[in-house]
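Trainee: This structure is in structure tokens; I'll ask about it shortly.
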Amino acid sequence: AQSVAQPEDQVNVAEGNPLTVKCTYSVSGNPYLFWYVQYPNRGLQFLLKYITGDNLVKGSYGFEAEFNKSQTSFHLKKPSALVSDSALYFCAVRDPNTGFQKLVFGTGTRLLVSP
Amino acid sequence: DGGITQSPKYLFRKEGQNVTLSCEQNLNHDAMYWYRQDPGQGLRLIYYSQIVNDFQKGDIAEGYSVSREKKESFPLTVTSAQKNPTAFYLCASSIAADTQYFGPGTRLTVL
């Protein structure tokens, strides 16, 4: 069965510094991987996805993620954090061998960017 | 959140009462989904529908029911059989197996 792990409940970074939010996954085949962001009392906003191709995926708001098949990881990164990036971030995986787009979500990582 | 609306934003339920959460999308997406979000647990799939008049149970369907009579609508009913319904409920839609897009959510509280 597919699964996702986000090992850090919270990540703290100072504004202007680079940030990384970690995600590892487990699927039986080649994964489809997604990152979403959630602001308080709001729905999830799509940031980026990896399906195939270049291992470095660029997404919204300056975020990017690197797919590493050997380490089964899909870490979210941003070169320079903003206070407004403070939010809850979810990694999700889909096993393309299933006949339906079932996403399995991690438990989320809270990002706190200090001024 | 654009293109998917959920109502109401806040909902209060008394013991033994059924309540219905609305989800509407104008994105012409075939597939729609309902998730439940609890603190520290991520999102869990309740029901999903790939086409009109068809839906399947997700991982935590007990105590919930849905209908899909129109492509743009996928209402969720939380029945009295759901013993712990207090949560944040999120609706999503997608074109077939592509990216899921989420609505703004409904926060349900049991009084």
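Trainee: Please check which bits of region A:82-115 a label hung off B:ALA96 would reach, taking the label as a point 7 Å along Cα-to-C-beta and the cut-off as backbone N under 18 Å.
Mentor: Answer for this model: A:94-103.
Trainee: Simple spin-label model, 7 Å along Cα-to-Cβ: A:SER80 to A:ASN30 in nm?
Mentor: 3.6 nm
Trainee: For A:LYS49, list the aspartates and glutamates whose Cα falls under 12 Å from its own Cα; do not include residues on the same chain fewer than 8 positions away.
Mentor: A:GLU64, A:GLU66, B:ASP98
Trainee: Rounded to the nearest 20 Debye, what is the dipole magnitude of the protein assembly as shown about its Cα centre when Lys and Arg each give +1 and Asp and Glu each give -1 at the C-beta?
Mentor: Its charge dipole is roughly 300 debye.
Trainee: List, in the order given, every pair from A:LYS77/B:LYS57; A:LYS22/B:LYS14; A:LYS22/B:LYS70; A:LYS102/B:LYS70 whose Cα-Cα distance in the structure shown is over 31 Å.
Mentor: Where the Cα-Cα span goes over 31 Å, the pairs concerned are A:LYS77/B:LYS57; A:LYS22/B:LYS14; A:LYS22/B:LYS70.
Trainee: Below 8 Å, C-alpha to C-alpha, sequence gap of six or more: please give me the relative contact order for chain B in percent.
Mentor: On the way: 287 pairs, mean separation 40.4, N = 111.
Computed over chain B, the figure is 36 percent.
Trainee: Note the per residue figure in Å³ for the convex hull of the C-alpha positions in chain A.
Mentor: Value for chain A: 98 Å³ per residue.
Trainee: Let me ask something else about it. Mind ranking A:THR24, B:THR79 by accessible surface for me, highest first, 1.4 Å probe?
Mentor: If we order A:THR24, B:THR79 from most to least accessible, we get A:THR24, B:THR79.
Trainee: Continuing with the same structure: Can you tell me the relative contact order of region A:6-50? Whole percent, Cα pairs under 8 Å, sequence separation 6 or more.
Mentor: Result for region A:6-50 is 28 percent.
Trainee: Which percent, to the nearest 5, of DSSP beta bridges fully inside chain A are antiparallel?
Mentor: 85 percent
Trainee: Provide the solvent-accessible area of B:TYR47, counting protein heavy atoms only and rolling a 1.4 Å probe, rounded to the nearest 10 Å².
Mentor: Probe radius 1.4 Å; accessible area of B:TYR47 about 20 Å².
Trainee: Still on this structure: Using a 1.4 angstrom probe on the protein heavy atoms only, line up A:THR52, B:THR77 by accessible area, largest first.
Mentor: The ranking, largest first, comes out as A:THR52, B:THR77.
Trainee: How high is the FRET efficiency from A:SER114 to A:ALA5, r the C-beta distance, R0 22 Å, rounded to 0.05?
Mentor: 0.25
Trainee: So, one more: Quick one: how many Å² of A:HIS75 are accessible to a 1.4 Å probe, rounded to 10?
Mentor: 40 Å²
Trainee: Oh, and also: Highest GNM mean-square fluctuation, chain A, Cα pairs closer than 10 Å: which of A:ASN30, A:ASN55, A:ASN41?
Mentor: Among A:ASN30, A:ASN55, A:ASN41, the largest mean-square fluctuation in the Gaussian network model of chain A belongs to A:ASN41.
Trainee: Still on this structure, I have one more. Express in Å², to the nearest 10, the accessible area of B:VAL19 obtained by rolling a 1.4 Å probe over the protein heavy atoms while all chains stay in place.
Mentor: Approximately 20 Å² for this residue.
Trainee: Peptide A:82-92: average number of partner chain Cβ atoms within 10 Å per residue?
Mentor: On the way: counts 0, 0, 0, 0, 0, 0, 2, 0, 3, 1, 3.
The mean count of partner-chain Cβ atoms within 10 Å per residue comes to 1.
Trainee: How long is the protein assembly as shown along each principal axis, judged by its Cα atoms, biggest number first, in Å?
Mentor: Rounded to whole Å, the extents work out to 50, 39, 30 Å.
Trainee: Shielding by partners for B:38-46, please: the mean number of other protein chain Cβ atoms within 10 Å of each residue's Cβ.
Mentor: Details: counts 0, 2, 3, 3, 11, 11, 2, 4, 0.
Shielding by partners across B:38-46 averages 4.
Trainee: State, to one decimal in nm, how far the label point of A:SER70 lies from the label point of B:LYS57, with both points 7 Å from Cα in the Cβ direction.
Mentor: Placing both labels 7 Å beyond Cα along the Cβ direction yields 4.4 nm.
The values are calculated or read from the model by the stated rules, or taken from the named source; none is laboratory data. The model shown is predicted, which means the values in this text are computed figures rather than measured ones. Using ideal geometry, Cβ is built from the backbone for each residue, glycine included, and neighbour counts are taken over all protein chains shown. In case anyone asks, the SASA skips ligands and DNA or RNA and just uses the protein heavy atoms, side chains included. Shrake-Rupley method; radii C 1.70, N 1.55, O 1.52, S 1.80 Å.
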